[in-house]
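The structure under discussion appears below in the form of structure tokens.
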Amino acid sequence: MKIAILDDYAGVALAYGNWGGLGDITVFRDTLPMGASLVARLKPFDVVCVMRERTPLPAALIEALPKLRLVVTSGPRNGSIDLAAARAAGVTVCATQSRKTTTAELTLLLMLALNRQFLPNVQSLRSGGWQGALGRDLAGLRLGLVGLGTIGAQVATLAQALGMTVCAWSQNLSAERAAECGAEQMPSLPALMAASDVVSVHLVLADRTRGLIGPAAFSAMRDGAVFINTSRAGLVDNTALLAGLRQGRPAAAGLDVFDTEPLPASHPMMDADLIAEGKLLLTPHLGYTTEATLRLFYSQMADAVRAWTEGAPIRQL
């Protein structure tokens, strides 16, 4: 059996999982775009292990891989796999568990870094200077959460521990859920944007949420407001975000997710002026990439392949 492990950027897949005796394993540490090269790479494999949405598996790709019999994805869901096409091709798709605290922690890190002017002051010291741009305390600021699911609720708890007040909005947020998380429920997205010193996005990407945060939302933001997205790039009209940053609404943004990953040097988000001015802080999708999370992913991937070969129960999607 030939097994491909895709997009292992950190190079830890073999060390973090018990792959012994499962077959001929090939680890790929880069990501190929959709096309003939990707088809050629994957054609020899019976099993493909994917890391979240780094390499999508649409119908056209699945149908071009006649040997493929099993796909294992990290995390409990993966919207970039065409499950109907997989079923039609006789391909089993299964998943691992996940950890949630990592993304909330990264959100807090971006929030602190941007509000405390962390990177401009680090750069000042490196350049021979000393204290420069003044930061602001999180205590006393208002955090607006677009989405109050598991991760949004964790961010609310962390923010409240630092003395922030919290408000929240989403299309299906209930008053009961908001109260449970200690958040004020806002009547609309523009109202949340206008009322918040920091806005952080924590939604699932779907048809009704794609491009949800656009020009009207950014223009409603208050002076000095910071915008953070550690969820999915598609939730935000990023052209509108860049335009808003140049106009001061938001005053700064921290982004961990992008429409193209890895982020090319030529991508519009790699705006040298905004980055140099400390208005744009970019991180390479670190929300879930911690040692503990990758140990969980790769160990359960290997376990899933073993269980599938033995006919044991697996977490099918």
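The values are calculated or read from the model by the stated rules, or taken from the named source; none is laboratory data. For clarity, every value in this text was computed on a predicted model and none was experimentally measured. Note: ideal-geometry Cβ built from the backbone for every residue, glycine included; neighbour counts use all protein chains shown.
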Options 251, 304: the member that is touching a strand residue (DSSP E or B) at 6+ places or on another chain (Cβ under 9 Å), not assigned by TED's automatic domain parsing to the domain that holds residue 123 and not β-branched (Val, Ile, Thr)
304
Say whether the condition of being outside the structural domain of residue 257 (by TED's automatic domain parsing) and without any contact (Cβ under 8 Å) to a residue 40 or more places away in the chain is met by at least one residue in the stretch 90-112.
yes
Just one of the numbered conditions (1) crowded, with 16+ Cβ neighbours inside 10 Å; (2) under 18 Å from residue 285 (Cβ atoms) is not true of residue 42; which one?
(2)
Would you call residue 280 under 18 Å from residue 254 (Cβ atoms) and crowded, with 19+ Cβ neighbours inside 10 Å?
yes
Scope the stretch 298-313; condition over 25 Å from the mean Cα position of the chain (by Cα) and aliphatic (A, V, I, L, M); matching residues:
305, 307, 312
Meets criteria (under 18 Å from residue 316 (Cβ atoms) and of a type outside the set (Asp, Glu)) for residue 57:
yes
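Look at the stretch 55-77 and say how many of its residues are among the basic types (Lys, Arg) and under 13 Å from residue 3 (Cα atoms).
From the stretch 55-77, those among the basic types (Lys, Arg) are 67, 69, 77; that's our starting set.
If we keep only those that are under 13 Å from residue 3 (Cα atoms) as well, we get 67, 69.
Here the count works out to 2.
Working carefully through the options 183, 178, 156, 161, find the one that is crowded, with 17+ Cβ neighbours inside 10 Å and within 30 Å of residue 295 (Cα to Cα).
Matching residue, one of 183, 178, 156, 161: 156.
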Please tell me if residue 271 is surrounded by fewer than 16 Cβ atoms within 10 Å (Cβ to Cβ), over 19 Å from the mean Cα position of the chain (by Cα) and in contact (Cβ under 8 Å) with a residue 24 or more places away in the chain.
no
Verdict on residue 10 being hydrophobic (A, V, I, L, M, F, W, C) and over 19 Å from the mean Cα position of the chain (by Cα)
no
Identify, from the list 223, 271, 237, 259, the residue that is in contact with a Pro (Cβ under 9 Å, 6 or more places away or on another chain) and more than 30 Å from residue 20 (Cα to Cα).
237
Taking the stretch 201-224 as the region of interest, how many residues are among the charged types (D, E, K, R) and within 21 Å of the chain's Cα centre (by Cα)?
3
Every pair of residues 6+ apart whose Cβ atoms lie under 9 Å, when the first sits in the stretch 291-314 and is more than 11 Å from residue 49 (Cα to Cα) while the second is of a type in the set (Lys, Arg) and modelled with pLDDT of 95 or more:
308/69; 312/306
Which numbered condition residue 62 misses (of (1) more than 28 Å from residue 280 (Cβ to Cβ); (2) crowded, with 20+ Cβ neighbours inside 10 Å; (3) in contact with a Ser or Thr (Cβ under 7 Å, 6 or more places away or on another chain)):
(3)
Close pairs (7 angstrom Cβ cut-off, 6 or more residues apart or separate chains): of a type in the set (S, T, N, Q) in the stretch 180-199, part of a loop (DSSP other than H, G, I, E, B) anywhere
185/173; 196/225
Can you confirm whether residue 116 is surrounded by 15 or more Cβ atoms within 10 Å (Cβ to Cβ), at pLDDT 95 or above and either over 17 Å from residue 227 (Cα atoms) or touching an Asp or Glu at 6+ places or on another chain (Cβ under 6 Å) (or both)?
no
Residue 278 being touching a residue at least 12 places away in the same chain (Cβ under 8 Å), in contact with a Pro (Cβ under 8 Å, 6 or more places away or on another chain) and farther than 24 Å from residue 48 by Cα:
yes
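Each row is one residue, and each column tells you yes or no for (1) surrounded by fewer than 24 Cβ atoms within 10 Å (Cβ to Cβ); (2) within 14 Å of residue 146 (Cβ to Cβ).
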| site | (1), (2) |
| --- | --- |
| 197 | yes, no |
| 204 | yes, yes |
| 215 | yes, no |
| 220 | yes, yes |
| 230 | no, yes |
| 245 | yes, no |
| 249 | yes, no |
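Results for (1) under 20 Å from the mean Cα position of the chain (by Cα); (2) among the aliphatic types (A, V, I, L, M), shown as yes or no for each residue.
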| site | (1), (2) |
| --- | --- |
| 146 | yes, yes |
| 154 | yes, no |
| 157 | yes, no |
| 163 | no, no |
| 168 | yes, yes |
| 174 | no, no |
| 190 | no, no |
| 193 | no, yes |
